[in-house]
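Read the structure below first, then the notes.
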Amino acid sequence: MDFDFGPDSELYSLFHRIPRDETELSEFQKSFSEYDGRGIVIAILDTGIDPSAPGMQVTSEGSPKIIDIVDLTGSGDVDTSTKRRAQDSVLVGLTGRKLMIPSSWHNPSGEYHLGLKNIYELYPKKWTPLHLLATADVARLVENFENKNGVDQTKYTLKTRLDKQDLDSAESLLKSVDEMEDYGPVADCIVFHNGTSWVACLDTTFKGQLSECRLMSSYREKQEFDILTKQADHGTHVAGIAAACHPDEPHRNGVAPGAQLISLQIGDHRLKGIETGTALLRAINYCIEHKVNIINYSFAESTHWEDDGKILDAIRDAAFNHDVIYVAAAGNEGPALTTVGCPGGSVDACVGITAYVSSAMRTKLYSLRDRLSPMFGWLLWSVGLCPWCRDNMRAEMVSLQLSVVQWNIDEFTKRCRLYRAAISPTMVKLAIENTAKPLEDIDDGCKLASGRGLLRVTEAFDYLKRFASKLERHVHYTVKVGDSGRGIYFRELAEVEQVHLITVNVKPMQQRWRRLIKYL
């Protein structure tokens, strides 16, 4: 199938939403065309991936695109500790309903785990948006009424007074109704082992007619799923940039259409998609246990303890002791002083990424009608926008650029393994830092503003081939300033008007050194 990728074609515009040229990805793929991500597994730590989204079904080799989907927030957990047995194919659920067990169900043990689930937690509730609209309408009517008739009710006519009472009653009713709590329908949950794997059923008939309900197993086993509600599409955007595969529309592919994904949801829907510490720790442990090579973490925020805590210890453990490359967002706020986020901009174990928009990309993507004159966006190590989802949707944020970088990292590290070159997260980060293209157009190339520069895949790959055998380049060093300082930071005028004597301590991680001697 031939496609026109000329500079004036629509396919050219679509193709260049992903920064293949700026990061030298196009050149790398021409040299190693068979490397489209196949054999790579990427863990997306985000709000979850929608398996029904375009490009999320298969890889370029026809394998399932998403290997596993796990909600680590606990927001959807159901207590199924209660065990019961059916009598004459009838099981009494926790709601008190009689559940009719279908003859097609195979349960060698005869034991069923029972639970309850509030349906309102699964299906979207339309009450809130409609209630807010009604409240706003009444507030507007009250304001218009008072502007027209004044606020002194002693001057109202009888009809005017009655109209005001109607508005007050409507306002009071809406407020009182909103404070009422409706738990809605509750469904029985049934879980049992069919001799091979665990399966579950949700009684959505609310009558116990389980034969009319769907019996489902874990996604990792049969790739079965049902879409109940749309919570957040951030994770799906990230996954699409990283590895979307459109066999019939290759110009819509992500960076690595051959890669497989693991969706680890750490964004709690009860907190509007904000990640929780418990979920993040579970996700990191999952990646270690399943030997994930690379993590995509698209969150960055301020922190009170920038270099301490269980989560940061877990990140360092994954990177330095289990060879997990942790790619994280550095934030959207810069370039300016004190703008990087945690952990991408503050933890040495992470590869910190933020976005840069090239002139070729902003020509079309930032124009409503006429093309824009040159301007600059954020920058550190990667470039790009969301290239793939619906035609009327774009997500322009730093976290989406992680997908570009993390696949590039996996590709050249995988290629290095074919050359029998030792690869470690520390070595990979060193290669990226030392081969990045400086961005001279940002504060004259100041690294405090632009970081190391723009990712260059081919140079990083050559660097790894050249220096992978050097033992000292795989060792991670901790650098401390004084007893507790993280660096040298002079911001106020009084701080630079005097001479400072500062002690810097550099210490190699001995455990890592011993492991590498054996490894190399």
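Quick rundown of the values:
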item	result
Count - residues of the range 193-243 that are modelled with pLDDT of 90 or more, over 22 Å from His269 (Cβ atoms) and of a type in the set (A, V, I, L, M)	3
Number of the condition not met by Lys291 [criteria: (1) touching a helix residue (DSSP H, G or I) at 6+ places or on another chain (Cβ under 8 Å); (2) under 21 Å from Gly39 (Cβ atoms); (3) charged (D, E, K, R); (4) surrounded by fewer than 16 Cβ atoms within 10 Å (Cβ to Cβ)]	(1)
Residues being modelled with pLDDT of 80 or more, under 23 Å from Val506 (Cβ atoms) and in contact with a Pro (Cβ under 7 Å, 6 or more places away or on another chain) - total across the range 426-478	1
Some residue of the range 103-115 being surrounded by 13 or more Cβ atoms within 10 Å (Cβ to Cβ), closer than 30 Å to Glu179 by Cβ and at pLDDT 85 or above	yes
Enumeration of residues in the range 237-291 that are acidic (Asp, Glu) and in a helix (DSSP H, G or I)	Glu289
Residues of the range 61-93 that turn out to be in contact (Cβ under 8 Å) with a residue 12 or more places away in the chain, surrounded by fewer than 19 Cβ atoms within 10 Å (Cβ to Cβ) and outside any strand (DSSP E or B), as a count	11
Members of the range 438-465 found to be within 16 Å of Ile353 (Cβ to Cβ) and buried (at least 16 other Cβ atoms within 10 Å of the Cβ), listed by number	Leu439, Ile442, Ala449, Ser450, Gly451, Arg452, Gly453, Leu454, Leu455, Arg456, Val457, Ala460
Residues located in the range 41-59, provided they are in a loop (DSSP other than H, G, I, E, B) and either aliphatic (A, V, I, L, M) or crowded, with 19+ Cβ neighbours inside 10 Å (or both)	Thr47, Gly48, Ile49, Asp50, Pro51, Ala53, Gly55, Met56, Thr59
Residues of the range 128-147 satisfying the condition of being surrounded by fewer than 12 Cβ atoms within 10 Å (Cβ to Cβ) and either at pLDDT below 85 or in contact with a Ser or Thr (Cβ under 9 Å, 6 or more places away or on another chain) (or both)	Thr128, Pro129, Leu130, Leu133
Residue in the range 102-117 that is under 15 Å from Gly208 (Cα atoms), touching a Cys at 6+ places or on another chain (Cβ under 8 Å), part of a strand (DSSP E or B) and not hydrophobic (A, V, I, L, M, F, W, C) present	yes
Residues satisfying the stated conditions in the range 274-317, i.e. more than 17 Å from Gly352 (Cα to Cα) and of a type in the set (Gly, Ala, Ser)	Gly277, Ala279, Ala283, Gly309
Test: residue in the range 496-510 that is at pLDDT below 85 and assigned to a helix (DSSP H, G or I)	yes
Residues of the range 294-315 that turn out to be touching an Asp or Glu at 6+ places or on another chain (Cβ under 6 Å) and surrounded by fewer than 18 Cβ atoms within 10 Å (Cβ to Cβ), as a count	0
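The values are calculated or read from the model by the stated rules, or taken from the named source; none is laboratory data. Please read all numbers here as calculations on a predicted model, not as lab measurements. Here the Cβ is made from the backbone with ideal geometry for all residues, glycine too, and neighbour counts use every protein chain on show.
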